[in-house]
Every structure is written in structure tokens, then in C-alpha cells.
Amino acid sequence: MNKINIVVADDHQLFRDGLKAMLQAWGQVNIVGEASHGSVLLTVLASQTPDIVLLDISMPQGSGIDLLPTIKQRFPNVKCIMLTMHEDVQYVLRSLKQGADGYLLKDAAEEELKTAIREVYEGNKYFKNKISDMIVANLSGARAPETLLSEREIQIIRLVAEGKITKEIADQLYVSVRTIETHRSRIMKKLGVSNTAEMIQMAYKKKLIG
Amino acid sequence: MRIYKLRLERWLTIGLFSLTVFFVGAVSVGFYTQLRNAVLTRTQDQLLSINILKNRLVEQYLDNQVRQGEELFLSSLSEVEPFQQIGFTQRSKKYDWQKAVFIDSAGRTFSSADTSPAWVDSILQYTKPDYTSIGLIAPSDGANSEFYIAIRSSQTALVLSYDMSGLEAIMTERTGMGATGESYLVTEEGCMLTISRFFPDTIPSQVLVDTEGFWAAQVGEEGVKIYPDYRGVPIVGAYRRIQLPTKTWVILTEIDVAEATAPITELRNRFVGLSLLFLLLSWLISSWLAKGLSRPILSLKRNINSLARGKLPKKQLQPSQIREIESIADSLNELIQALNSTANFAQRIGQGDFEATYHPLSEQDKLGHSLLTMRDQLILLNDQKEQLERETKKILVSTQEAERERISRDIHDGIGPLLTATKFKMSSSDIPDSTRKEVTQLLDDIIAEIRRISSNLMPAVLSDFGPGEALNQLVWEIQKNSHLTVRYVNDLLAESQLGKEAGIALYRIAQEAINNTLKHAEATEITMSLTEFEDQVVFYYRDNGKGFDLQKVYQAQGKGLKNIQERIGILGGIVRIHSSDGTTIEAEIPVV
């Protein structure tokens with residue numbers, strides 16, 4: 001079994017040393033390089049071609065997440081595992097969207113780290129369990145491409161067309177009555193109509209609702 | 001010349017009164033003089049005509065006596081004898097004489113009773129032959145005077161004497177002569193011939209008449225004039241001379257000036273009384289008029305004085321009966337009103353009411369324009385002050401938040417990795433497994449604590465992903481740690497225009513609202529949303545708790561709510577909080 005070539009990118013020397021020590025002790029990986037921030041990493045990557053980059057998010061000259069597209073573009077074969085203190089789902093999602101192959105917390109157990117490296121090396125994605133549960137839900141809520149009306153606005157027209165009164169719509173959408181009223185006036189302005197009947201009619205005509 | 005400054009009222013009173021006095025005086029004196037002259041002239045005319053009449057009567061009377069005497073004389077010449085017997089006895093009844101003496105050519109004397117040769121001689125002594133003489137006999141013993149008629153030829157003579165009763169009768173006929181009118185005869189020596197009306201008991205000849213009228217008549221003048229009479233009393237007297245054979249008498253007809261002018265005097269007295277009454281009335285009317293004129297002027301003066309002292313009269317000036325004064329009062333009212341509105345305006349500005357408006361009275365209304373400028377300046381200053389305060393607060397808040405973020409990051413990104421590094425170190429070091437586990441657990445706890453502290457200070461999600469995502473995180477944590485159902489919709493745009501500060505503010509509001517709900521509301525549900533429009537972001541929050549009394553919360557521990565409002569205010573947004581059945585918070589922040 002080949003050893004897995006790894007580059008560690010983290011702005012903390014102590015952390016890098018600790019990590020390196022632990023991984024070398026494991027024996028299944030080669031630490032082929034390390035970087036303290038983004039630009040160093042890119043330089044390292046240009047000379048070395050590791051299998052995996054262990055990438056920190058919070059680094060002095062730009063977030064690790066922001067580096068992902070560049071790395072993926074220039075070095076398509078390099079896999080990236082985010083190794084970070086951030087346990088918030090937003091970071092996970094963002095990393096996923098930007099093309100990360102795995103997401104790990106720095107305080108994760110040693111075994112988890114090893115599992116993640118192996119999984120990713122084998123071509124799988126690795127996300128921490130409790131996080132991955134939420135990912136599906138969040139991804140399904142991905143935004144629709146821009147149209148004349150926003151998704152929310154179309155939803156409101158639909159509710160209006162169903163005969164719901166403003167208060168009901170507000171309750172359903174967790175917003176205030178005022179906000180619904182604002183939405184409706186925006187919609188009418190965008191559609192160039194002046195009353196609710198015309199608004200619904202126009203929405204049908206433009207096949208915004210069906 | 002110095003003109004004494006009198007009050008207007010005095011001036012008017014005096015002026016009007018003087019005018020009245022002058023007018024009444026002039027008219028009175030004019031009328032009086034004219035009327036008096038008219039009355040005197042009339043009296044003079046009357047006296048003159050009486051004088052002439054009496055004169056005529058006297059002459060007639062005397063002529064009559066003379067004719068009788070001559071008749072008797074002629075008849076005596078022709079029939080001496082019978083005459084002698086019969087003449088004085090029989091004819092004495094036919095004639096008025098008292099005594100008669102006839103001396104014939106032979107020198108014989110025939111006489112009636114009471115005569116004496118001495119008496120005849122004394123008469124003849126004053127007469128001339130071939131003349132008819134009339135003379136006066138004034139006895140020295142105080143007896144009544146009598147006059148005689150002596151008719152003489154060269155040798156014969158007839159002397160008849162008469163008492164004065166005939167003449168007296170003429171003189172004392174005083175019809176129309178009033179109480180002091182009289183006519184009397186005076187001899188050429190100035191002795192009265194007939195009885196004086198005023199001295200009826202005095203023998204006339206003893207009354208001496210030495211008056212202007214007498215002397216004028218004595219030298220042949222006739223007429224009427226005013227002069228003092230024999231008593232020294234001013235009279236109107238008519239005078240003329242009676243030419244008698246060998247003698248001249250003077251006849252005077254007089255009446256007291258006092259009586260003649262009595263009606264005039266009475267009229268004058270009445271006139272004076274009336275004038276006094278009239279003047280009194282005039283004084284009253286003058287002063288009433290003057291008061292009527294001066295009172296509104298004084299009232300105007302008082303008002304102007306009070307204006308000068310800066311005190312604005314509360315009530316309007318009374319309308320006056322005088323048009324000019326009324327127009328002044330109207331102008332003053334207008335002035336007062338204008339000053340009032342200016343003063344009100346100034347007061348309102350002074351109290352900080354910059355909404356106060358004011359319409360300058362005219363282009364030249366310096367005060368008004370100055371006040372307006374002042375107001376505008378104050379508004380500007382106030383705006384600047386508020387702007388400055390907002391800026392200051394903004395800086396404070398953003399500094400605070402920046403500091404929090406920095407500390408949060410330092411802890412999270414600085415200490416965190418070190419601790420994890422320590423953990424790695426632990427795993428590769430040669431220490432007993434039990435100790436390693438213990439220390440690793442301790443390190444995990446520290447890392448968790450650091451995460452919690454960091455997140456409390458400033459969630460990394462908030463600074464990296466904005467409030468929409470940060471609230472997601474917050475909701476997730478609440479739901480993990482409590483039984484609350486939280487419904488949250490993040491409707492911010494993909495490319496949200498919301499600024500970082502606004503994002504932090506919205507997150508803090510949500511945090512505060514959730515804290516309130518958790519602590520006080522006993523709610524089971526929270527509904528929350530963030531909605532982004534082109535020009536604003538709306539935060540909506542509602543719980544189904546028991547709500548709270550806004551006033552109380554504000555007074556007691558409302559730091560949080562106040563904070564919310566202040567933070568939104570800094571960003572130019574508004575917050576609406578309702579709390580009755582549950583609490584509703586709605587915040588709107590404009591998007592730049």
C-alpha cells in the first residue's frame with residue numbers, strides 16, 4: 001500500500017508540528033510539505049503533487065475555503081480536507097460547495113482524522129456525522145436561478161391565488177403582515193400591474209404559477 | 001415762548017370752554033348794547049313827544065288864560081261900572097283866576113278879595129305898559145306859588161293871578177310814565193315851578209334844578225339826553241324852552257335811566273344767568289367730549305407702554321367711537337397680534353419645537369426673518385448634533401463589535417489550535433494511558449469552552465456568513481438545548497446588500513429577543529424571519545409567550561430593548577415592539 005502524500009496548511013507552527021508528529025507516528029502518510037498561508041501553499045503545490053491537502057479555514061491572508069476553487073482548478077487531482085476549529089454547519093456547507101472533499105474538526109479524535117484521510121484518499125467524501133445529517137436538508141434548499149420574481153415572491157402569488165389573506169400568508173412564511181404587503185407591492189411593481197386580480201392574471205400569463 | 005404741557009383732556013376742555021365763553025360773551029354784550037340802545041332810543045322818543053305835548057298843553061293853557069284875561073280887559077274898558085260890580089263876583093265863576101285887580105284910566109283900582117295894593121304894585125313893578133306879561137309870584141313865606149297875567153295899556157291895567165293847579169294838572173298827568181317819569185316846569189332862575197314827583201312835600205320853588213338839560217334848554221336848545229337830574233340820579237330827559245311874554249320857562253320831561261332800562265336789565269340778568277348755565281353746560285360737555293377723546297388715547301398709551309416693557313396685552317383693544325382712534329387701535333391690535341405670533345414662535349423654538357412655522361409679516365420683518373434664520377440654524381445644529389451622536393454611537397458600537405470579533409477570533413483561532421496541538425502532542429508522548437485520557441478530556445472541555453466564549457463574543461459564522469446564516473446557527477443551538485420550537489426563514493438575497501454593521505445589529509436584536517423569550521416569556525414557539533428587499537431588510541420576530549408590559553420593561557431592566565432600538569436607530573432604521581399576547585418585534589434597516 002502506497003503511502004499517502006500529504007501537505008499541511010495551517011498558520012500555527014505548533015499545530016503543524018503536532019499534527020506532523022502524530023501522522024508520522026501513524027506511518028501510512030508522507031508529509032511532503034507544509035504552508036503557513038495560502039500563497040505559500042500554492043507555491044508548495046506547484047512543486048509537490050500531494051494526494052491530500054489538510055487545509056485550515058482561518059488563516060491570516062484569506063480563508064482556506066476561498067482557496068478551494070483555485071486549488072481545484074490548478075491542481076484537479078489534489079484532494080482537500082478542511083481541518084478547522086469551526087464546527088458551524090455553514091462552514092461545512094460552504095466548503096462542500098467550493099469543492100472540499102472532507103471536513104474535520106481539529107479537536108477530532110485521532111482515529112477520526114485517520115479515517116477521514118483514508119476515505120478521501122480512496123475517492124470518497126468525508127464529513128463529520130452530525131454535520132452530514134444536515135447537509136442534505138440544506139442542499140435541497142439551494143437557491144433557484146434568478147428570474148423575474150424571486151422564489152419567495154412566486155410563493156406569495158401562489159398563496160394569494162389560493163385565496164389566502166395576507167395575515168395567513170404572513171403566518172405561514174414567518175414574517176409580518178407589513179412584509180407581505182411590501183412583497184405584494186414589489187411584485188405588482190415588477191409585473192407592472194396595479195391590483196391583486198391583475199397580479200394573479202399576469203403571473204399565469206408569464207407561467208410563473210400554473 | 002414756553003407752552004405748558006397740559007393733559008390733552010385739559011387742553012380740549014379749556015379750548016372748547018374758551019370758545020364758548022368768547023362766543024356767549026360777544027353775543028351777549030352785542031345784544032345787550034344794541035337792545036339797551038334801542039330801548040333808550042325808544043324812551044327818548046317817547047319822552048320827547050311827551051315833552052312836546054306838555055309844552056303844547058302849557059302853551060295852550062297859558063294862551064287860554066291870556067285870551068280870557070284880554071277878553072275881560074276889553075269888556076272892563078267898556079263897562080267899568082257894571083264890571084266893577086258884577087265882574088269880579090259873577091265872572092269869577094266863569095274864569096279860573098284867583099285874584100283880579102283892574103286899574104282904570106282914571107287911576108281907580110278895582111280888586112277882588114285877598115288883594116292888596118302892595119301885591120299889585122309888586123306885580124306892576126315888573127310889567128311894562130302896552131304889554132301882556134306873565135309872571136310868577138313866589139311868596140317868601142312858603143306859601144304856594146302862583147302866576148299872574150298882567151295886561152296893560154298906557155293907563156289901564158288888569159292883573160289876574162292864578163294858582164298852579166292848572167299847570168300842575170298838566171304836569172302830573174303821568175300816564176305811561178312809569179314809577180319815576182315826571183314832567184315839571186322850571187323858571188329861568190332854575191327854580192322848580194311845579195311839584196317834584198320825588199319831593200311832593202317840598203315847595204317847588206325851593207327845589208333848584210341845575211342840570212344839563214335845564215341849561216341846554218335855557219340857551220334855546222331842545223332835545224333829549226341822558227344826564228343826572230336835580231337829585232343826582234341818572235335820567236333820560238327831554239328838555240325845551242317855553243317862551244312866555246317877557247319870560248322864559250323850561251319844561252323838562254324825565255324818567256330814571258334805571259326804570260327805562262329795567263326790562264333790559266332784567267333781560268341782562270336773565271341772560272347772564274342763562275349764560276352761566278350755558279357755560280356750565282359747555283364745561284361739562286367740553287370735559288365729557290375731551291374725556292371721550294382722551295380716554296381711548298390714554299388707553300392706547302397704556303397699551304403701547306406695556307408693549308414697550310415687553311408685556312403683550314392679553315385682550316384686544318376696545319373699538320372706539322372715533323374713527324381715527326379706532327384705526328390706530330386696529331393697527332395696534334395688529335401689532336400686538338404680530339408680536340404675539342412672533343413671541344409664540346420664539347417660545348416654541350426656545351422649547352425646541354423646530355416644527356414651528358412662522359410667516360414673516362413682510363419682507364422687512366427683521367425680527368421674524370432673524371427668528372426663522374435662528375430656527376434653521378438651530379435645526380442645522382440639532383441635526384449636526386444628532387448626526388454626531390449617531391456617528392459617535394456608531395463608532396462606539398462598531399469599535400465594540402470589532403473588538404469582540406478580534407478577541408473572539410484570537411481565542412478561537414489562536415488558542416484553539418494550540419490546544420489541539422497539545423492534544424496531538426499528548427497522543428504521541430510517553431505518558432500513562434489513564435493520564436492521557438484524562439488530560440485529553442480536559443483539553444476537549446477547554447476547547448469547547450473556548451468555542452462557547454468565542455461564539456458568545458462574536459460567532460464566527462456571523463462575521464463570515466452574515467446574520468442569515470448566523471441566525472440559522474443560533475436556531476439550531478436553541479433547538480438543541482431547549483424544548484422551544486423555532487421557525488426561522490432566512491430570506492436574505494444571495495448577494496445580500498446588508499452591511500456588516502447592520503448584520504451584526506440584526507443578529508444582536510435576534511439574540512436579545514430570544515434571550516427575553518427564554519428568560520421571561522414562558523413561550524413554546526418562536527417565529528423569526530429575515531427578509532431582504534431592494535431598499536431594506538426586515539427582521540420579524542414573534543413568540544407565543546405571555547408578553548410583557550413595555551413601559552415596565554423600559555423602566556426596570558429595559559437595557560436590552562433600549563439597546564435594540566438604539567442600534568437600529570444608529571443605522572437609520574426603525575423598530576416596532578408590541579407585547580400583549582406574545583411579543584412581536586419588527587425591525588427595518590435600510591440597505592445602502
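Figures for the structure shown
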| quantity | calculated |
| --- | --- |
| So B:Glu405, is it in contact with a helix residue (DSSP H, G or I) (Cβ under 6 Å, 6 or more places away or on another chain), part of a helix (DSSP H, G or I) and more than 8 Å from chain A (Cβ to nearest Cβ) | yes |
| In segment B:328-367, residue surrounded by the most Cβ atoms within 10 Å (Cβ to Cβ) [restricted to those that are farther than 20 Å from B:Ser306 by Cβ and among the small types (Gly, Ala, Ser)] | B:Ala356 |
| Test result for B:Glu259, surrounded by fewer than 20 Cβ atoms within 10 Å (Cβ to Cβ), modelled with pLDDT of 90 or more and on the phi < 0 side of the Ramachandran plot | no |
| A:Ile65 being assigned to a helix (DSSP H, G or I) and either at positive phi or touching an Asp or Glu at 6+ places or on another chain (Cβ under 9 Å) (or both) | yes |
| Cross-chain or 6+ apart pairs with Cβ under 6 Å, segment A:81-110 first and under 10 Å from A:Phe127 (Cβ atoms) and more than 9 Å from every other protein chain (Cβ to nearest Cβ), then hydroxyl-bearing (Ser, Thr, Tyr) and part of a helix (DSSP H, G or I) | A:Met82/A:Ser95; A:Tyr103/A:Ser95 |
| Unmet requirement for A:Ser39, which otherwise passes all of (1) free of Cβ contacts under 8 Å to residues at least 24 places away in the same chain; (2) out of contact with any helix residue (DSSP H, G or I) (no Cβ under 6 Å at 6 or more places or on another chain); (3) within 14 Å of chain B (Cβ to nearest Cβ) | (3) |
| Elements of type helices (runs of 4 or more DSSP H) in segment B:430-482, at least 2 residues being among the β-branched types (Val, Ile, Thr) and modelled with pLDDT of 85 or more | B:433-457, B:467-481 |
| Filtered residue count, segment B:415-435, keeping only those that are surrounded by 16 or more Cβ atoms within 10 Å (Cβ to Cβ) and either of a type in the set (Asp, Glu) or more than 8 Å from chain A (Cβ to nearest Cβ) (or both) | 2 |
| Hits in segment B:487-512 (condition: in contact with a Leu (Cβ under 9 Å, 6 or more places away or on another chain), closer than 24 Å to B:Lys546 by Cβ and either within 14 Å of chain A (Cβ to nearest Cβ) or modelled with pLDDT under 85 (or both)) | B:Tyr488, B:Ala510 |
| Residue check for B:Asp535: surrounded by fewer than 19 Cβ atoms within 10 Å (Cβ to Cβ), acidic (Asp, Glu) and modelled with pLDDT under 85 | no |
| Any pair with Cβ under 7 angstrom, 6 or more apart, that starts in segment B:54-68 at a residue that is polar (S, T, N, Q) and ends at one that is modelled with pLDDT of 90 or more | B:Asn55/B:Arg240; B:Asn55/B:Ile251 |
| Odd one out for B:Glu469, checked against (1) out of contact with any helix residue (DSSP H, G or I) (no Cβ under 7 Å at 6 or more places or on another chain); (2) under 23 Å from A:Thr179 (Cα atoms); (3) at the interface with another protein chain (Cβ under 7 Å from one of its Cβ atoms) | (1) |
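Quick grid of which residues meet (1) in contact (Cβ under 8 Å) with a residue 12 or more places away in the chain; (2) among the hydroxyl-bearing types (Ser, Thr, Tyr); (3) over 10 Å from B:Val250 (Cα atoms):
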| residue | (1), (2), (3) |
| --- | --- |
| B:Leu167 | yes, no, yes |
| B:Gly176 | yes, no, yes |
| B:Ser183 | yes, yes, yes |
| B:Glu188 | yes, no, no |
| B:Ile203 | yes, no, yes |
| B:Thr211 | yes, yes, yes |
| B:Gly220 | yes, no, no |
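The values are calculated or read from the model by the stated rules, or taken from the named source; none is laboratory data. The model shown is predicted, which means the values in this text are computed figures rather than measured ones. Neighbour counts are summed over all protein chains in view; Cβ atoms, including those assigned to glycine, are modelled from backbone coordinates with ideal geometry.
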